[in-house]
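Heads up, the thing below is written out as structure tokens.
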Amino acid sequence: MKYFTKLAQAALITVGMLALSSPTAVAKSFKIAVGDSGGSAQHELGKKFVEELEKRTDGRHTARLFLNGQLGSEQDTVNDAAIGTLDFSLLAINNITPFSPTVGVMTLPYVILSLEDAEKLTQGEVGKELTENTIRDAGVRIIGWTYTGFRVLTNSKKPIKTLEDLKGVVIRVPKNEIMIDVYKSWGAPPTPMAWSETFTALQQKVVDGQDNPYLTVHSMKFYEVQKYVTNIRYIFSVEPLIVSEQVFQGLSDKDKKAILEAGNAATLHSATHLRKSEAAIKKDLIAKGMQIDDPANGEKEWIEKATAAVWPKFYESIGGKAKLDNVLKILGR
Ligand code: MLT
């Protein structure tokens, strides 16, 4: 398979070997890489996970969060976890898709249209299947989901309401084929760039804009370098907590259970956090000088262009058109 890395293959061989040896009950202090800064939705989920992990292992195991991409770019942390040199990583779903393309069903434009849609998919059969696929393709297991909200468009140049307004504005996107193609369908070929380089690129005006949820725009202080927000809703951001499959298989059944339960508790907490905080954060961004506009005509043109061009192009990589049809059916569409 095109995306199946040698690293993931090596990781799975080691997992097999570990499964034959007896799991360790030694107390551990795990490392968790976190792409975003303190105060972010990722940070909130990470703190809850650590608290639950300690509680469920009677303090035997703990974990430390390394914020702001200190342990490497989000995509690099997937490789590090695959080979077992990193225990956990918290990162945006779009940065896993290059390693496990079926996950792309979560980043296809205008599929997830609400937090409730995101919860239904991640916590149901679709989430389970994607978890199995990431173990197979990338050597990492998804054990929790951060819900961060819609990725809104920000820029430093001008208010953008129409696709015509978007022309000539240079937008940074993650190195994610689906997102690159969405902007192309909108007539604005973007600049793919690692998350860890984004703030500086915006500050130095290497790029004019980017998209990320309100919670991320706020915690990353993008209001210092961006003025205009367009309230688009093309991707609802879900950000998985992954564990190295190699590390996971080296644990006792009791510890595995504790980790899965802690991930689940952190997931539920993340949804509550988003529901409670998003409106106030939006208000604060306005108070800090950002101008928020809605896309013209209920986003009609944006939706039509992106879905017509991008959905069919990625049917094969997400596992066939039937996968998307099934997701839409689950979501009642
Ligand atoms: C990205 O734009 O690369 C991600 O959304 C970054 C993140 O918030 O983790």
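Throughout, read-outs are computed from the coordinates displayed, never taken from laboratory work. Worth saying up front: this structure is predicted, and the values here are computed from it rather than measured. Virtual Cβ from ideal backbone geometry, glycine too; neighbours counted across all protein chains shown.
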Under Stokes-Einstein, the range 55-168 at 25 °C and 0.890 mPa s, with its Kirkwood radius over C-alpha pairs, diffuses with a coefficient in µm²/s of 149
Relative to the present Cα-Cα distance, how much length would full extension add between residue 125 and residue 184 at 0.36 nm per residue of separation? 18.1 nm
Taking the Cα-to-Cβ direction at residue 231 and at residue 133 and moving 7 Å from each Cα, how far apart do the two end points lie in nm? 3.2
Percentage relative contact order, the range 118-222, counting C-alpha pairs under 8 Å, at least six apart: 30
Can you pull out the trypsin sites (Lys or Arg not before Pro) in the range 110-193 whose DSSP state is coil and whose Cβ has at most 12 other Cβ atoms within 10 Å? 167
Can you tell me how the range 148-222 classifies by the Cα gyration tensor, rounded, prolate or oblate, using a/c under 1.5 as the rounded cut? rounded
Starting from the Cα coordinates of the chain, work out the convex hull volume and express it per residue in Å³. 121
Helix-only estimate, please: 222 nm mean residue ellipticity of the chain, summing -39500 (n - 2.57) across DSSP H runs of length 4 or more and dividing by its residues, to the nearest 500. -14000 deg cm²/dmol
Span-rule helices in the chain, defined as complete DSSP H runs reaching 27 Å or more along the axis (Cα) with Kyte mean at least -0.5: 253-287
Quick check: from the Cα gyration tensor, does the range 231-291 come out rounded (a/c under 1.5), prolate or oblate? prolate
Between residue 204 and residue 163, the FRET efficiency computed from the C-beta separation at R0 = 41 Å comes out, to the nearest 0.05, as 0.95
Per the 1/(1 + (r/R0)^6) rule, R0 = 30 Å and r from the Cβ atoms of residue 85 and residue 224, FRET efficiency to 0.05 is 0.30
DSSP beta bridges in the range 101-230 [antiparallel fraction, %, rounded to 5]: 65
List the residues whose amide H sits under 5 Å from the amide H of residue 87, counting only those 5 or more places along or on another chain, with H placed 1.01 Å from N in the peptide plane. 31
Identify the GluC sites (Glu not before Pro) of the range 228-333 meeting these criteria: DSSP loop state and at most 12 other C-beta atoms within 10 Å of the C-beta. 316
Average the reciprocal distances over every distinct pair of alpha-carbons in the range 180-236, invert the result, and give the Kirkwood radius in Å. 12.3
Between residue 288 and residue 321, what is the label-point separation in nm under the 7 Å Cα-to-beta-carbon projection? 4.4
Quick calc, residue 51 & residue 257: beta-carbon distance into FRET formula, R0 22 Å, rounding 0.05, result 0.85
Count the net charge of all other residues whose Cβ sits under 14 Å from the Cβ of residue 107, scoring Lys and Arg as +1 and Asp and Glu as -1. -1
Partner lysines whose C-alpha sits under 18 Å from that of residue 48, ignoring same-chain residues fewer than 8 away, are 28, 31, 256, 257, 276
Is the range 253-333 rounded, prolate or oblate when judged by the Cα gyration tensor, a ≥ b ≥ c being the square roots of its eigenvalues, rounded requiring a/c under 1.5 and prolate requiring a/b larger than b/c? oblate
Relative contact order (%) - the chain, alpha-carbon pairs under 8 angstrom, separation at least six: 27
